[in-house]
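Q: Here it is, the structure, as structure tokens.
The values are calculated or read from the model by the stated rules, or taken from the named source; none is laboratory data. Predicted, not measured: the structure shown is a model, and the values here were computed from it. In this analysis, Cβ positions are derived from the backbone assuming ideal geometry, glycine residues included, and neighbour counts consider all displayed protein chains. Please note that ligands, DNA and RNA were not included when accessible areas were found on the heavy atoms of the full protein model with its side chains. Shrake-Rupley method; radii C 1.70, N 1.55, O 1.52, S 1.80 Å.
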Amino acid sequence: MSAPLTASSFSTFVERLAGSEPVTRVLAVGTGPGLDALRLGLARNPLRPALFNDGLPLPSAHDVTEAWLRFRHDAGLPPLNILLSQLEQDARRQAAESDAAVPERSGPEASRKHQGFGLLLIENAGLAGLGALARAGEASVILLSDSMESMGAWLVRRRLLEMPDWEVIGEDPSDTTPWTAFRRRSVVEGAALPIHFFTIVLNGEPFIRYHERVLAELPFDWHWHVVEGVAALKHDTAWSVASGGKVLDSVHDQGRSNDGTSAYLDELAARFPERVTIHRKPPGEFWDGKREMVNAPLPHIRQPGLLWQIDADELWTAEQIRTVHALFQANPKRTAAYYWCDYFVGPERIIGTRHNYAQNPQQEWLRTWRFEPGMAWAAHEPPVLADAAGRDLARIDPFTQDEMEEAGVVFQHFAYVTEAQAAFKESYYGYQDARAHWRRLQEAAGPVLLRD
């Protein structure tokens, strides 16, 4: 981290930064002397940034509770009931002021969602500051000023201080109103560590479409390799044959998806030819197992970076990906990363315990590796990426599931959300009566043991 720059006052710092920061859209939440200084600085900025000051929704009670649980061991955090009481007060104040609030900008652009802002000012905003942070989008600078008693400012500051891709560039806790300025590291440094995502898929609807929106929000270099088609039950997946596993004609069209996935992938690659590569076998031909599928993109990756497996039904947020990217940047010796996930076994069913099915810390969920050209997949179930010396990267110096959870990274795995998913796994893996048991699970009342 670079040495913090201490300005004589928040207004001085804000005006100077706003006059030179390379941004085009700025969002201000709350009011105070910093807002006036922001206007003065932006007026001198050669890019003439657009300023928006039309407020943001308060966080929900659920969001506040989650933030409190995250930092409940910190000495400076008050009881949860005090935070929720402040949320109610902020809601009443915001309702009273809503009629008098006037947007800084008008017209069609002012009605856009609060995203895509390069600079975010949060000043005397109470818990609305927490809501603003959740919508920071690709902001490169966040300026935060509020009283020491404001729990909204405390939570925003605490969250940013723990995120590895943000660093303090200015602060003055002794100012009339204490303030801190943050800059996102990855905006400047991200190009040094590209990410190559890869997905092997057959009939990925409806989940496959989710990832495009998330990847589009990333501020660093990335590429998405999608390997589509049927994997023959060989090598890593050969075990399923003994259980009755087979590839039904009804699940594919000449070895490819038959649910609309193929058409979507063609259209996606046409829109993003520099970002998306589709790997397929000729029509009518199966892949020689999943290991051949995951190895297909590797010859096309010619520079070091991160290799990241994203299954079609595994959902990540852009913030989580940015956090992981920053952690690998800050820890160049780390070779891989394991994660916990919220594992869905129905539309409203989730596994609530760990160190059991789908939550085995010895192998689940290994999803990210520090890649160098020449590496290859030695196995896929569980995944083993080997370096030139034959070493398994995940056994050298990986991030653990708990480390990633501490950083706020737990993804969602929609493995058995639809009956169609259960039906496919019943036939392909030989899971006897999987669909019938899945139905029983959805009909069961209250928490139940999955093994029952």
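Q: Among the helices (runs of 4 or more DSSP H) contained in the range 398-452, which hold 2 or more residues that are in contact with a helix residue (DSSP H, G or I) (Cβ under 7 Å, 6 or more places away or on another chain)?
A: 419-428, 434-443
Q: Still on this structure, please answer the following. Do the conditions hold for residue 358, that is, is it within 22 Å of the chain's Cα centre (by Cα) and at positive phi?
A: Yes: the conditions hold for residue 358.
Q: Mind counting the residues in the range 310-347 that are in a strand (DSSP E or B) and either open to solvent by less than 20 Å² (accessible area, probe 1.4 Å) or at positive phi (or both)?
A: Selection size over the range 310-347: 7.
Q: Taking the range 180-202 as the search range and keeping residues that are among the polar types (S, T, N, Q) and either open to solvent by 20 Å² or more (accessible area, probe 1.4 Å) or at pLDDT 90 or above (or both), which one is nearest to residue 129 (Cα to Cα)?
A: Ranking the candidates gives 180 first.
Q: Could you grab me the full set of residues in the range 223-271 that are part of a loop (DSSP other than H, G, I, E, B) and touching a residue at least 60 places away in the same chain (Cβ under 8 Å)?
A: 229, 233, 243, 244, 245, 246, 247, 248
Q: Moving on to the next point. Consider residue 217 carefully, then state whether it is touching a Gly at 6+ places or on another chain (Cβ under 8 Å), open to solvent by 10 Å² or more (accessible area, probe 1.4 Å) and within 27 Å of residue 133 (Cβ to Cβ).
A: Spelling it out, residue 217 is indeed touching a Gly at 6+ places or on another chain (Cβ under 8 Å), open to solvent by 10 Å² or more (accessible area, probe 1.4 Å) and within 27 Å of residue 133 (Cβ to Cβ).
Q: If you scan the range 348-380, which residues turn out to be in contact with a Leu (Cβ under 7 Å, 6 or more places away or on another chain) and open to solvent by 10 Å² or more (accessible area, probe 1.4 Å)?
A: Passing the criteria: 349, 351, 357, 370, 375, 376, 377.
Q: Kindly indicate whether residue 112 is over 21 Å from residue 146 (Cβ atoms), surrounded by 13 or more Cβ atoms within 10 Å (Cβ to Cβ) and either of a type in the set (Val, Ile, Thr) or at pLDDT below 75 (or both).
A: no
Q: Right, next: Restricting to the range 142-179, give me the number of residues that are open to solvent by less than 20 Å² (accessible area, probe 1.4 Å), assigned to a loop (DSSP other than H, G, I, E, B), closer than 18 Å to residue 86 by Cα and not charged (D, E, K, R).
A: 1
Q: Follow-up question, since we're still on this one. In the range 234-266, how many residues are open to solvent by 30 Å² or more (accessible area, probe 1.4 Å) and either touching a strand residue (DSSP E or B) at 6+ places or on another chain (Cβ under 9 Å) or not small (Gly, Ala, Ser) (or both)?
A: Selection size over the range 234-266: 15.
Q: Quick one: how many residues across the range 383-402 are surrounded by 15 or more Cβ atoms within 10 Å (Cβ to Cβ) and in contact (Cβ under 8 Å) with a residue 60 or more places away in the chain?
A: Summing the residues that are surrounded by 15 or more Cβ atoms within 10 Å (Cβ to Cβ) and in contact (Cβ under 8 Å) with a residue 60 or more places away in the chain in the range 383-402 gives 5.
Q: Could you tell me whether the range 286-309 includes any residue that is over 27 Å from residue 434 (Cα atoms), assigned to a loop (DSSP other than H, G, I, E, B) and touching a Ser or Thr at 6+ places or on another chain (Cβ under 8 Å)?
A: Scanning the range 286-309 turns up at least one residue that is over 27 Å from residue 434 (Cα atoms), assigned to a loop (DSSP other than H, G, I, E, B) and touching a Ser or Thr at 6+ places or on another chain (Cβ under 8 Å).
Q: I'm trying to understand the selection: among the residues of the range 33-50, which are outside any helix (DSSP H, G or I) and surrounded by fewer than 20 Cβ atoms within 10 Å (Cβ to Cβ)?
A: Those that are outside any helix (DSSP H, G or I) and surrounded by fewer than 20 Cβ atoms within 10 Å (Cβ to Cβ): 45, 46, 47, 48, 50.
Q: Moving on. Against the conditions (1) modelled with pLDDT of 85 or more; (2) within 23 Å of the chain's Cα centre (by Cα); (3) buried (at least 23 other Cβ atoms within 10 Å of the Cβ), where does residue 231 fall short? Just the number, please.
A: (2)
Q: Somewhere in the range 73-96, is a residue assigned to a helix (DSSP H, G or I) and under 19 Å from residue 410 (Cβ atoms)?
A: The answer is no; no qualifying residue exists.
Q: Here's a check for you: in the range 429-447, which residue that is in contact with a strand residue (DSSP E or B) (Cβ under 9 Å, 6 or more places away or on another chain) and closer than 30 Å to residue 317 by Cα is surrounded by the fewest Cβ atoms within 10 Å (Cβ to Cβ)?
A: Across the range 429-447, the extreme among qualifying residues is 442.
Q: Something else: Counting just the residues of the range 81-93 that are touching a Ser or Thr at 6+ places or on another chain (Cβ under 9 Å) and at pLDDT below 85, which one comes out surrounded by the most Cβ atoms within 10 Å (Cβ to Cβ)?
A: Checking each candidate, the answer is 87.
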